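Visitor: Sending over a structure as C-alpha cells; questions will come in a sec.
Just so it is clear, none of the values below were taken in a lab; they were calculated from the coordinates. Keep in mind it's a predicted model, so treat the numbers as computed, not measured. For neighbour counting, all protein chains shown are included, and Cβ atoms are generated from backbone atoms with ideal geometry for every residue, glycine included.
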Amino acid sequence: MSKVKVFRLAYADFFSPEPEKMVDYYTTTMGYRITEEKDGVTYLSNGVDHHNIVITPGNQKGIRSYGYQLDGKLSLEEVQKQLQAQGFDSTLVVDGKPGVSRFLELNDPAGNIVELFTEIDQPVVGFGTSGILPLKLGHIAFYAKNFVETIEFYRNALGFTSTDKIGEEFANFLTCNYEHHVLNVVASDETRLHHIAYQLKDAGHQYASSDTLARQGLSVIWGPSRHTAGHNIATYHYDTDGNVIELYTDMDVYIPELDIFEPRPWHQELPLKPRTWEGLSSWGTEFEFNLAKI
C-alpha cells in the first residue's frame, strides 16, 4: 500500500491584527492577486491556485496554519487511517475553506496546525502586473518545541526527506520534492514562525525586488548573501506585521536517487551530499534576526 506523501507547500494562512495592511503588502509590494474575500478572510494567489496566502483577522501575529498538498495516491480517509496508526489524530473538514473542499486538519508535534489536501481549485488568476511577483511560495522555517519529534513526524508521517543541518541540534532542513528544503525546523522551547520564503527568477529579479521594497519604505535587513545549506542567494525583510520574509534564487536541486545536489560551480565539494554546516553564510555575512518585531 502507498504511504502518505506530501509533494509541496501550497499555502500559508496568517493571523493578523491589521489585516488591511497585510493585504496591501501582499497586493502592492508582493504583487499577489485577491481571489476571494469571505467572512473577513482574504485569499490571495500569485498564479494558478485559488490561494497561496490567506490573511485571517486575529488578535495575534504569525501563522494560523500551513497547507500541504498530497500526491493523491491515497484518499483522505486512507491518509487519516495511516496517521491514526502512527498516533496522530486528525479531523476531516468538508467545505471549511474556499478553494479546498476537503482537507485533514491536525497538529504536528510542535503544535502547528497542518492542513492536508489532495485537490485545490485552480482558477488560474495569473501573475500580477506590478510588485515583486515571486515565482512561488518556496519554504517555511519555524522554531519548534518537541524538535526531534517534529522532524520525525514530517519524515515518517508525511514522507519528507532530511537534507542538511546547521549544527547538530540547531536547524534541520527537509524536502518533499526536488528543492533543497521546503521546511527548516529550528530547535527551540517554543513554536513560532522564523521566516517564510518566496522564490525569485534570477539575480536581476532579486535586485529589482530590493528596489521595490525601497519604494514601499521597507528595508532589507540582511543580504544579499549566499547560504551554505541550500546555497540560495537570499535577502530578508519584514512584512507589515513584522514577520520575516525571505526572497531567494539559486536554491540547490536535490537528486534523491543519488543523495546528492545537482553540481554547481560554487559548491565547495563535488559531488555535494547532505551534510552538517557550522554557519549559514558562504560569504561570511552571518546575521541574527531581530525577532522582537514578531
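Visitor: Can you compute the modelled spin-label distance between GLU37 and MET1, with each label point 7 Å from Cα toward Cβ, in nm?
Guide: For the pair GLU37/MET1, the computed spacing is 4.6 nm.
Visitor: Further, regarding this structure: Provide the gained length on full extension for the span GLN268 to GLU20, in nm with one decimal, where the gain is 0.36 nm per separating residue minus the Cα-Cα distance.
Guide: 84.8 nm
Visitor: Give me the extension gain from ASP259 to GLU149: residue separation times 0.36 nm, minus the current Cα-Cα distance, reported in nm with one decimal.
Guide: Result: 37.3 nm gained on full extension.
Visitor: Between the alpha-carbon centers of region 14-50 and region 86-138, tell me the distance in whole angstrom.
Guide: 14 Å
Visitor: Which whole-Hz ³J(HN,Hα) couplings does region 112-125 yield from phi under the Karplus relation 6.51 cos²θ - 1.76 cosθ + 1.60, θ = phi - 60°, glycine and proline marked x?
Guide: Here the 3J(HN,Hα) series is 5, 7, 10, 10, 10, 9, 9, 9, 10, 4, 10, x, 6, 6 Hz.
Visitor: A 30 angstrom limit on the alpha carbon distance is what I want to check against. Which of LYS61/LYS97; LYS97/LYS136; LYS145/LYS273; LYS3/LYS201; LYS5/LYS201 exceed it?
Guide: Beyond 30 Å between Cα atoms: LYS3/LYS201.
Visitor: Quick check: the distance between the Cα centres of region 249-273 and region 179-222, to the nearest angstrom?
Guide: 21 Å
Visitor: Then there's this: Counting each DSSP H run of 4 or more residues in the chain as -39500 (n - 2.57), what helix-only mean residue ellipticity at 222 nm follows after dividing by all residues, to the nearest 500 deg cm²/dmol?
Guide: Computed ellipticity for the chain at 222 nm equals -3500 deg cm²/dmol.
Visitor: Let's see if you can work this out: charge +1 on each Lys and Arg Cβ, -1 on each Asp and Glu Cβ, no other charges. What is the dipole magnitude of the chain about its Cα centre, in debye to the nearest 20?
Guide: Dipole size: approximately 280 debye.
Visitor: For Rg and Dmax of the Cα atoms in Å, the listed values are (1) 22.0, 72; (2) 18.3, 53; (3) 21.5, 80; which was obtained by calculation from the structure presented?
Guide: It is the value labelled (2).
Visitor: Something else about it: For VAL94 and SER130, calculate 0.36 nm times their separation in residues minus their Cα-Cα distance, and state this gained length in nm to one decimal.
Guide: Roughly 9.4 nm would be gained on extension.
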